[in-house]
Amino acid sequence: MTTRVKICGITRLEDALGCVEVGVDAVGFNFWPGSKRHVSLARAVDIAAALPAGLLRVGVFVRAPPDSVRAVVHAVGLGAVQLHGDEDPSDYADVGAPLWQVLRIASTLPESVSPRAAELLLDARVDGFGGGGRSFDWSVAQGARRFGVPFWLAGGLSADNVREAVRRAAPAGVDVASGVESGPGVKDLALVRAFVAAVRAAEE
C-alpha cells in the first residue's frame, strides 16, 4: 500500500509547486490565525489555482464557524477539512468537503471518534492548538484501526524518523510541516525530497 504524503503549512507558491515536483499527495493550508504558518484566504486561493487538479488541498481550521469554513472550502477548492481544535465534526457536516478529525495523543487513543470523520489525523498533544513538532509513541497509532477509517500520522516527523514511523504504525498517510522547513512556513525542497524518499523506502 502506498503511504500518502501531506506537506502542511504551505504559505508560498514556489513551495507548493516544489511539492508537486517531488510527488507529494496533498498540501495543507493553515487558516488558523494563531499559527506561525497561517495563510490568508487570498493567498491560498492564488496558490491553489496554480496546482494540478489531482493534488489534494486540505484546509486546517481551529474553532472556525462552519459557515466560514464552508466559504473557504468553495473559494480554495479544498478536498478535505482538518479540524485541529476541539470541534464536534457533526457541526461541520455541511461544509462541502470530507472531514478529518484530529486526535491529539498524550499516551492513549480515545474510546471513539465522530461518525462524521472521513479520516483521522493522529498528532501529539501539546499546549494550545496546532502542531507542536513533537512526536508520540507510534505504536499507539496501530490501535486506530479499530475506528474503521484511514488515519494519518503527524507530529515531529522528518526524513530521519519517518521511515521508522511508517513501519511501526503503517498509516494511510504522513503529515509534516516543521520537519521539512528552513523556517516557519518556508519549505526546504531538499528536505521535502528526502522526506518523500524515506517514506517510499519504508514501503519496500
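The numbers here are math on the coordinates, done by the rules we state, and not lab data. Since this is a predicted model, take the numbers as computed values, not measurements. Positions of Cβ are backbone-derived with ideal geometry, glycine not excepted, and every protein chain shown enters the neighbour counts.
Miscellaneous remarks
- Flag for LEU103 being touching a His at 6+ places or on another chain (Cβ under 9 Å), among the aliphatic types (A, V, I, L, M) and not in a helix (DSSP H, G or I): no
- Restricting attention to the range 153-192, the residues that are touching a helix residue (DSSP H, G or I) at 6+ places or on another chain (Cβ under 6 Å), assigned to a helix (DSSP H, G or I) and either more than 11 Å from ILE7 (Cβ to Cβ) or of a type in the set (Gly, Ala, Ser) (or both) add up to 7.
- For the condition at positive phi and under 18 Å from the mean Cα position of the chain (by Cα), GLY173 does not qualify.
- None of ALA44, ALA97 is under 16 Å from the mean Cα position of the chain (by Cα), surrounded by 13 or more Cβ atoms within 10 Å (Cβ to Cβ), in a loop (DSSP other than H, G, I, E, B) and without any contact (Cβ under 8 Å) to a residue 60 or more places away in the chain except ALA97.
- Index of the failed condition, SER90 passing every other in (1) assigned to a loop (DSSP other than H, G, I, E, B); (2) farther than 24 Å from GLU204 by Cα; (3) in contact with a Lys or Arg (Cβ under 9 Å, 6 or more places away or on another chain); (4) not charged (D, E, K, R): (1)
- Residue in the range 136-151 that is within 25 Å of TRP32 (Cβ to Cβ), part of a loop (DSSP other than H, G, I, E, B) and of a type in the set (Gly, Ala, Ser) present: no
- Residue pairs meeting the criteria (Cβ under 6 Å; at least 6 apart or on separate chains; first farther than 19 Å from ALA71 by Cβ and in contact (Cβ under 8 Å) with a residue 24 or more places away in the chain, in the range 26-41; second outside any loop (DSSP other than H, G, I, E, B) and of a type in the set (Gly, Ala, Ser)): VAL27/ALA16
- Just one of the listed residues (SER178, SER114) is hydroxyl-bearing (Ser, Thr, Tyr) and either free of Cβ contacts under 8 Å to residues at least 40 places away in the same chain or in contact with a strand residue (DSSP E or B) (Cβ under 8 Å, 6 or more places away or on another chain) (or both), and it is SER114.
- Which numbered condition ARG4 fails, given (1) crowded, with 19+ Cβ neighbours inside 10 Å; (2) touching a strand residue (DSSP E or B) at 6+ places or on another chain (Cβ under 7 Å): (1)
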